[in-house]
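Undergrad: Here you go, one structure.
The values are calculated or read from the model by the stated rules, or taken from the named source; none is laboratory data. Since this is a predicted model, take the numbers as computed values, not measurements. When we count neighbours, we look across all protein chains shown, and the Cβ atoms used for this are built from the backbone with ideal geometry, even at glycine. SASA here: full protein model, heavy atoms, side chains in, ligands and nucleic acids out. Shrake-Rupley method; radii C 1.70, N 1.55, O 1.52, S 1.80 Å.
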Amino acid sequence: MQNFNFSVPQDIIVGAGSIKKLGKCAKSLQGKHALIISGPHLNKMGLVDVCKQSLAEVGIPADAFTETEGNPSVETVEKATKLYKECGADFIVAFGGGSPMDVAKAVGVIAKYGGSITEYEGGGKVPGPIVPQIAIPTTAGTGSEVTAFSVITDHSRNYKLTVFSYELIPKYAILDPDLIATAPASVAAACGMDAFIHACESYISTDASPFSEAMSEKAMELIGRSIRAYVANRTDVDAASDMLVGSLFAGIAFSWARLGNVHAMSHPVSAYFDVPHGVANAILLPTILDYNKLADKGKYKKIYEYVSETHRSDESFTPDMLVDAIRALNNSLSIPANLTEVGVTEDKIDVMADDAMKSGNIMVNPRRSTKKDIVALYKKAM
């Protein structure tokens, strides 16, 4: 029997209209003043004001930082921390996709313990509990509302640093499918594939456990059956709910089982070429699955069953069928077929491979990888 451990140390609320419960959650935290960390688009849509209203109804004032960018930087974290301290906040509402949540977690660390977020890179460097957080995702993809990671871009190094600590997991997560109804189709597709890849990579990770596998499988089931319908119609509440809950389960899975070469290689792509994280992941996935098939121990067939539109129970499976099914899924979601299409050039491959090799995800990829392997994979994905 494999030894493993896990915990899910938070309260999670799922349901249409559940954003109205934000104030109640804040009261449970004994919060007195909130800083909402979000992005400019959600602010323009008036959704940040919806958060403020829910807090105001229970007598809690709120300020908002809405300058979070797609690949949030060290400088953005510093700006948000400055506002947190100046406004007198004592808890944070992370409202948006993975970027606001990454910033919120980083602010929670340095507002409590000082310094720069670069000083906390890696694992085991956050000394204790951070500023209390409530996370409200507005995309179905990152799972950041339940993960122990914050990913921040350090432009001085063209590098995406990762802070890992279970102290980063928000106290509350509110999943409201109404909030993801207005996502553009391209965003829904990229974020949805990111979530599926979280589930897929954690499922085949060498650190996978019976607990993480259960989370990964349910995530792949929910996302696999609903991603096409959700991208086609974001107001489909059932599909949106499947995507949100699937993303949640995938986030829990990879918090305990880590990921693999797809994520190790996609972070440098985003850092050097500003490619959206989910797009970079989706482009790389078929190439990495093809590479990893040599190490498959029967899990590829299960993944194929979740993702394929043409699966028949009587067909004889080969790992190549999964690779083809992922390529077909990407095509149906209008994901670019290769890295060249999103502006990646070969002159950065060597340095991207160096950065990818620094990722802890490389260590749990089912097939061992050298820098030479990573360079070859980048070239194949071009």
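Undergrad: Report yes if some residue within region 59-73 is open to solvent by less than 10 Å² (accessible area, probe 1.4 Å) and in a helix (DSSP H, G or I); otherwise report no.
TA: no
Undergrad: Tell me the residue from P210, P137, P132 that is open to solvent by 30 Å² or more (accessible area, probe 1.4 Å), in contact (Cβ under 8 Å) with a residue 24 or more places away in the chain and either among the acidic types (D, E) or within 18 Å of S255 (Cα to Cα) (or both), please.
TA: Selected residue: P210, the only one of P210, P137, P132 that is open to solvent by 30 Å² or more (accessible area, probe 1.4 Å), in contact (Cβ under 8 Å) with a residue 24 or more places away in the chain and either among the acidic types (D, E) or within 18 Å of S255 (Cα to Cα) (or both).
Undergrad: Taking region 81-92 on its own, how many of its residues are closer than 24 Å to L161 by Cβ and of a type in the set (A, V, I, L, M, F, W, C)?
TA: Matching residues across region 81-92 total 2.
Undergrad: Report, by residue number, each residue of region 116-129 that is among the β-branched types (V, I, T) and open to solvent by less than 10 Å² (accessible area, probe 1.4 Å).
TA: Of everything in region 116-129, just one residue is among the β-branched types (V, I, T) and open to solvent by less than 10 Å² (accessible area, probe 1.4 Å), namely I117.
Undergrad: Right, another one. Among (1) out of contact with any Leu (no Cβ under 7 Å at 6 or more places or on another chain); (2) modelled with pLDDT under 95; (3) under 24 Å from I134 (Cα atoms), where does Y159 come up short?
TA: (3)
Undergrad: Considering only region 6-18, I want to know if a residue exists there that is in a helix (DSSP H, G or I), out of contact with any Lys or Arg (no Cβ under 8 Å at 6 or more places or on another chain) and not aromatic (F, W, Y).
TA: Within region 6-18, one or more residues are in a helix (DSSP H, G or I), out of contact with any Lys or Arg (no Cβ under 8 Å at 6 or more places or on another chain) and not aromatic (F, W, Y).
Undergrad: Further question: Any residue at all in region 77-86 that's in contact with a helix residue (DSSP H, G or I) (Cβ under 7 Å, 6 or more places away or on another chain), open to solvent by less than 70 Å² (accessible area, probe 1.4 Å), of a type in the set (V, I, T) and in a loop (DSSP other than H, G, I, E, B)?
TA: Within region 77-86 (the criterion being in contact with a helix residue (DSSP H, G or I) (Cβ under 7 Å, 6 or more places away or on another chain), open to solvent by less than 70 Å² (accessible area, probe 1.4 Å), of a type in the set (V, I, T) and in a loop (DSSP other than H, G, I, E, B)), the answer is no, since none of the residues qualifies.
Undergrad: Right, here's the next one. May I ask you to list the residues in region 225-241 that are surrounded by 24 or more Cβ atoms within 10 Å (Cβ to Cβ) and either of a type outside the set (A, V, I, L, M) or touching a strand residue (DSSP E or B) at 6+ places or on another chain (Cβ under 7 Å) (or both)?
TA: If the condition is that a residue be surrounded by 24 or more Cβ atoms within 10 Å (Cβ to Cβ) and either of a type outside the set (A, V, I, L, M) or touching a strand residue (DSSP E or B) at 6+ places or on another chain (Cβ under 7 Å) (or both), then Y230 is the only one that fits.
Undergrad: Now for a separate question. Can you say whether Y113 is open to solvent by 10 Å² or more (accessible area, probe 1.4 Å), touching a strand residue (DSSP E or B) at 6+ places or on another chain (Cβ under 6 Å) and over 19 Å from H198 (Cβ atoms), as far as the supplied structure shows?
TA: Taking the combined requirement at face value, the residue does not satisfy it.
Undergrad: What is the one condition in (1) within 15 Å of the chain's Cα centre (by Cα); (2) farther than 28 Å from I174 by Cα that K302 does not satisfy?
TA: Answer for K302: the failing condition is (1).
Undergrad: Right, next: Can you pull out the residues in region 103-119 that are hydroxyl-bearing (S, T, Y) and either under 23 Å from L29 (Cβ atoms) or touching a residue at least 60 places away in the same chain (Cβ under 8 Å) (or both)?
TA: Y113
Undergrad: Going by the conditions given, is C25 closer than 26 Å to F254 by Cβ, outside any loop (DSSP other than H, G, I, E, B) and at pLDDT 90 or above?
TA: yes
Undergrad: Would you point out which residue out of I152, I169 is over 30 Å from N330 (Cβ atoms), surrounded by 24 or more Cβ atoms within 10 Å (Cβ to Cβ), in contact (Cβ under 8 Å) with a residue 40 or more places away in the chain and touching a Pro at 6+ places or on another chain (Cβ under 9 Å)?
TA: Being over 30 Å from N330 (Cβ atoms), surrounded by 24 or more Cβ atoms within 10 Å (Cβ to Cβ), in contact (Cβ under 8 Å) with a residue 40 or more places away in the chain and touching a Pro at 6+ places or on another chain (Cβ under 9 Å) holds for just one of I152, I169, which is I169.
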